[in-house]
Amino acid sequence: PMPFAVNGNVLHVDLTTGTLEMEHPGEEFYRKFGGGSAMGVHYILKHMPAGADPLGPDNVLTLFTSALTGLPISGQSRVCANARSPLSGAVGDSQAGGFFPAQMKFSGFDGVVIRGAAATPVYLYLHDGQAELRPADHLWGLTTAEVDAALAAELNDPKIEVLQIGPAGEKRSLLAALMNMHTRANGRTGMGAVMGAKNLKAVVVRGGGKVEVFDRAAVTAMQRSGTKSIPDYPDVKGLGLNGTADVVAFQNSIGSLPTRNYNEGTFEGFETLCGDRMTDTILTERDTCYSCTVRCKRVVETEYAMQKVHPTYGGPEYETIGTMGSYCGVSDLSAVSLANQICNQYGLDTIGTGATVAFAMECFEKGILTLEDTGGMDLRFGNADAMVELVGMIARREGLGDVLADGSAAAARRIGRGAEENLITIKNTELPAHMPQAKKTLAVIYAVNPFGADHQSSEHDPMYEEGGLPHYYTRLAMLGLDQVQEPGSMNPEKIRYAYRTELFYSALDTYCLCQFVWGPSWELYGPDDMARLIQAATGWDVTIDEIMQVGERRLNLLRAFNAREGFTRADDTLPGKLHKPLQGEGPTAGFYFTHEDLESYKDIYYGLAGWDAQTGNPTPEKLAALGI
């Protein structure tokens, strides 16, 4: 019999031959792997030969939901994309929200495993349990909103949801994202380039199915109580009112707002970039994902340099405000919003793109890039016009934009002349807008994370430091974390906190839950609620311990993939910049990590993970214990 809350259908697509095959995994498989990244990487390890070219037909691209996707509750409409990353050569991993994930589940499929490459552009159409490949030559070259409109007309259905690559993915930019609703991005690790190399323009989903759950009344009760308690959680309330940009002022106050390519931790122009400023000036609407009552998604309308920023392309998140704003020394919110729109139109990861522009700006300031290289553009920090123009050039692969379109690490190799010293990359992936100098556990998480620096792979330091709210500590205690630390500290207990919360976040990316609604400490629902939701959806007697083990299984699958591809402890590094004293003013000025610090953190971390201290890779015993 079919387990509750899943379709029991995994679609295998071979684009080279055009064949579509359905697999029907059993209940044990769903319980063991959960969904999301764990399920995706399970199939990648199974079907992708070692050493496969990330932009070749042998790379395997997976898209997975979970048993919780499509439930009538906040924070469940997430889809995980995985493949070998062309940016790093390591495992690629990326999540997105919106309405696509729930609609994919309703279309009758839990996941899709995509191999091969089509000879000419195609799109995959999933509807009511049926799957078909259709020609997409007429969509090639169109921007994301144009594709959405064309497909809605072609299929005569305004309610379809589309996950697609923009022109950046067609041109195989390694910064390319997968876009849905032309505002939601599977951003990091170059998944757009992988899909572009496969000549797959889009995945279109539509279905009238609904998710059959074990205890619908329990799910409904949880949604009602969650919605009612939003005002009781100041962080969640602020997120709804002002979006993720609600944290700009806080980040600046602790010296964690990366400024001028991570050279400083505070930005003198931060106030004009704050979430409440956006709300008061250019916000037109609070958008949301399927069945979510938090409503954190921004929709803005403004103009910059005589170019209109349309509500259809949403609005910037905190990370985008960081990378296009403070990273570049730009304090104009309309300029940041326009850069965000260009990324959404062309299908670019805003974190990688903004950070790559900031890298180019520092190269220009130091004379490594000249006016000749930039085509006469004055690329100094603070030049908002240049920032916007360069984002467009990256999107279209024009001039200097072509050099930068594969990210800053590849660009540094092409530019030479000491450009590497200006990089802020780990495993070729640009650092996000949370600074390890302020949140010290991020130093170890950024370094060891299998797919490069990521701010959404563990809970941040302030939650486990004195001066927080009581519910932070109550929830962290559920994960065995009950020794709250003093602010700014870094010690073995802090590293244990980073590791334990990393396992929980890993579970969130397996069950495909939104970290802003279901994260371990400050969010709307806690770890105990998550266990209750899985029980209500599936009927399984899941505990927090089992949830943590599912997270550990995913983490070890990701790390096992990297081990197979030749990655070792030596790849778990920090960029040189983090080993030099931070410039500027503010609480983190002058701070840096020594190489000895990092190596000792790694020793502690690998010990907690049960990995080989020499290689940094999972031991055969650890993999066996997790059934991998």
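The values are calculated or read from the model by the stated rules, or taken from the named source; none is laboratory data. Keep in mind it's a predicted model, so treat the numbers as computed, not measured. No Cβ is skipped: glycine too gets one built from the backbone with ideal geometry, and neighbour counts run over all protein chains shown. Note: accessible area is taken over every heavy atom of the protein model, side chains too, but ligands, DNA and RNA are not part of it. Shrake-Rupley method; radii C 1.70, N 1.55, O 1.52, S 1.80 Å.
Laid out as a table, the results:
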{"item": "Sequence-distant aspartates and glutamates (8 or more away, or on other chains) whose Cα lies within less than 19 Å of K210", "result": "E27, D110, D128, D157, E161"}
{"item": "Restricting the stretch 115-176 to trypsin sites (Lys or Arg not before Pro) in coil, as DSSP defines it, with at most 14 other Cβ within 10 Å", "result": "K159"}
{"item": "Helix-only CD estimate at 222 nm, as mean residue ellipticity for the chain, using -39500 (n - 2.57) per DSSP H run (n ≥ 4)", "result": "-11000 deg cm²/dmol"}
{"item": "Cα-only radius of gyration and Dmax that characterise the stretch 365-497, units Å", "result": "19.8, 58"}
{"item": "Cβ-derived FRET efficiency at R0 30 Å, D528 paired with A624, nearest 0.05", "result": "0.50"}
{"item": "Prolate/oblate/rounded label for the stretch 19-114 (Cα gyration tensor, a/c 1.5)", "result": "prolate"}
{"item": "Mean Cα-pair separation over length for the stretch 511-628, i.e. relative contact order, pairs under 8 Å, 6 or more apart, %", "result": "18"}
{"item": "Kirkwood estimate for the stretch 365-419, i.e. one over the average of 1/r between Cα atoms, Å", "result": "11.4"}
{"item": "Kirkwood estimate for the stretch 1-56, i.e. one over the average of 1/r between Cα atoms, Å", "result": "13.0"}
{"item": "Prolate/oblate/rounded label for the stretch 95-144 (Cα gyration tensor, a/c 1.5)", "result": "prolate"}
{"item": "Rounded Å value of the spacing that divides the Cα centres of the stretch 104-136 and the stretch 215-231", "result": "34"}
{"item": "22 Å Cα-Cα threshold exceeded, pairs from K228/K494; K198/K308; K602/K622", "result": "K228/K494; K198/K308"}
{"item": "Where the stretch 442-504 is the region considered: accessible area per residue in Å², 1.4 Å probe", "result": "29"}
{"item": "Distance between modelled label sites at A150 and T370, nm, 7 Å Cα→Cβ extension", "result": "4.2"}
{"item": "From phi via Karplus (6.51, -1.76, 1.60), per-residue ³J(HN,Hα) for the stretch 527-533 in Hz, x at Gly/Pro", "result": "x, 5, 5, 5, 4, 5, 5"}
{"item": "Kirkwood Rh, angstrom, the stretch 242-281 [1 / mean 1/r, Cα pairs]", "result": "10.1"}
{"item": "Pairwise centroid distance, computed over Cα atoms, of the stretch 1-18 with the stretch 601-618, Å", "result": "36"}
{"item": "Heavy-atom SASA rank of K210, K494 (probe 1.4 Å, accessible area, largest first)", "result": "K210, K494"}
{"item": "The chain, relative contact order [Cα under 8 Å, separation at least 6], %", "result": "15"}
{"item": "The stretch 383-445 versus the stretch 39-101: alpha-carbon centroid distance in Å", "result": "24"}
{"item": "Convex hull per residue volume in Å³, alpha carbons only, for the stretch 194-244", "result": "189"}
{"item": "For S489, residues with placed amide H under 5 Å, excluding near neighbours", "result": "none"}
{"item": "Long-range HN-HN contacts of E161 with modeled amide H, under 5 Å", "result": "V205"}
{"item": "Distance in nm between pseudo-label sites at E493 and E596 (7 Å out along the Cβ direction from Cα)", "result": "2.4"}
{"item": "Solvent exposure of the stretch 284-384 as accessible area per residue, Å², 1.4 Å probe", "result": "31"}
{"item": "Long-range tail of P(r) for the stretch 164-322 (Cα pairs > 27 Å, %)", "result": "43"}
{"item": "For the stretch 523-628: rounded, prolate or oblate by the Cα gyration tensor [a/c cutoff 1.5]", "result": "oblate"}
{"item": "The stretch 435-534: proportion of alpha-carbon pairs further apart than 18 angstrom, %", "result": "42"}
{"item": "Candidates per GluC sites (Glu not before Pro) in the stretch 386-469, loop by DSSP, up to 11 other Cβ within 10 Å", "result": "E466"}
{"item": "Solvent-accessible area, 1.4 Å probe, carbon plus sulfur percent, for the chain", "result": "51"}
{"item": "D_trans [Stokes-Einstein, Kirkwood Rh over alpha-carbon pairs] for the chain, 37 °C, 0.692 mPa s, µm² s⁻¹", "result": "137"}
